[in-house]
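The values are calculated or read from the model by the stated rules, or taken from the named source; none is laboratory data. Model, not experiment: these values are computed from the prediction. Every residue, glycine as well, gets a Cβ built from its backbone with ideal geometry; the counts of neighbours run over all protein chains shown. With ligands, DNA and RNA removed, areas are computed over all heavy atoms of the protein, side chains included. Shrake-Rupley method; radii C 1.70, N 1.55, O 1.52, S 1.80 Å.
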Amino acid sequence: KLTGLIKLTKAHIVHVNPEEHDEIVGAISHLPHIIAVALVNQVRGYNEKNPLNSVLAAGGFRDITRIASSDPVVWRDILINNSGVLLKLLKDWNLEIQTFIHMLEAGDGEGIERAFQEAGIFRSQLPERRKGMIHSIYECYVDVPDHPGIIGKVATELGNSRINLSNIHIIESREDVPGVLRLSFRTQEDLDQAVAKMDEIGFPVHF
């Protein structure tokens, strides 16, 4: 009955038993959240000694660890209730990290290169636009001149083109960059159209 109801939403339905479900979501969702939180807290510790860490962590580091900002209470309950699976996954993760430690200690450049190649091949085979356990994020960074009305101009241009902008974030300007806007969208299509529009009006876009 539930399957029949959900089919009305045109969702892609996958049937798995509870144990298999916990193992899969543990690996592709729960474990990445733990890793992100641990990494952010590690850098937070470094930042107490050298605040330059937080200054330079903006951009790429902030993006790859965004799931570390998930609701603490919700994730406390998720992890506690799936602790058995996660303990095994964390031990496997430690083995992966230990492999990198050994390669670095041995100066094994070929091994490091091979690890990146294998990861890149597997990642390239993953579906890009299918909704997964960790929601896709469609963002771009736009360099804009620092003068009044520029944010309104960007929003108006997107609105006039019927491009749905879900969020806009003003990134603190630096001496070498007049201004940067981070634009977020709900779909890849909106992002692609926004990039084309920004290029059309002469605003450089970065990812």
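Points worth noting:
- Within the stretch 86-139, the residues that satisfy the criterion of being acidic (Asp, Glu) and at pLDDT below 95 are 128, 139.
- Remark: pairs (first residue in the stretch 18-36, at negative phi and in a helix (DSSP H, G or I); second residue among the polar types (S, T, N, Q) and loosely packed, with under 15 Cβ neighbours inside 10 Å; Cβ separation under 8 Å; 6+ apart in sequence or on different chains) = 33/70.
- Where residue 10 falls short, out of the listed (1) on the phi > 0 side of the Ramachandran plot; (2) part of a helix (DSSP H, G or I): (2)
- Residue pairs whose Cβ atoms lie under 9 Å apart, sitting 6 or more positions apart in sequence or on different chains, and linking a residue in the stretch 140-159 that is in contact (Cβ under 8 Å) with a residue 12 or more places away in the chain and of a type in the set (Ser, Thr, Tyr) to a partner that is open to solvent by less than 40 Å² (accessible area, probe 1.4 Å) and assigned to a loop (DSSP other than H, G, I, E, B), are 141/59.
- Complete set of residues in the stretch 50-72 that are closer than 19 Å to residue 183 by Cβ and not in a helix (DSSP H, G or I): 58, 59
Rundown of residues vs (1) farther than 28 Å from residue 81 by Cα; (2) loosely packed, with under 10 Cβ neighbours inside 10 Å; (3) out of contact with any Asp or Glu (no Cβ under 7 Å at 6 or more places or on another chain), yes/no style:
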site: 10; (1), (2), (3): yes, yes, yes
site: 14; (1), (2), (3): no, yes, yes
site: 20; (1), (2), (3): no, no, yes
site: 32; (1), (2), (3): no, no, yes
site: 39; (1), (2), (3): no, no, yes
site: 66; (1), (2), (3): no, no, yes
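- Scanning the stretch 166-182 for residues that are open to solvent by less than 80 Å² (accessible area, probe 1.4 Å) and either at pLDDT 90 or above or in a loop (DSSP other than H, G, I, E, B) (or both) yields a total of 3.
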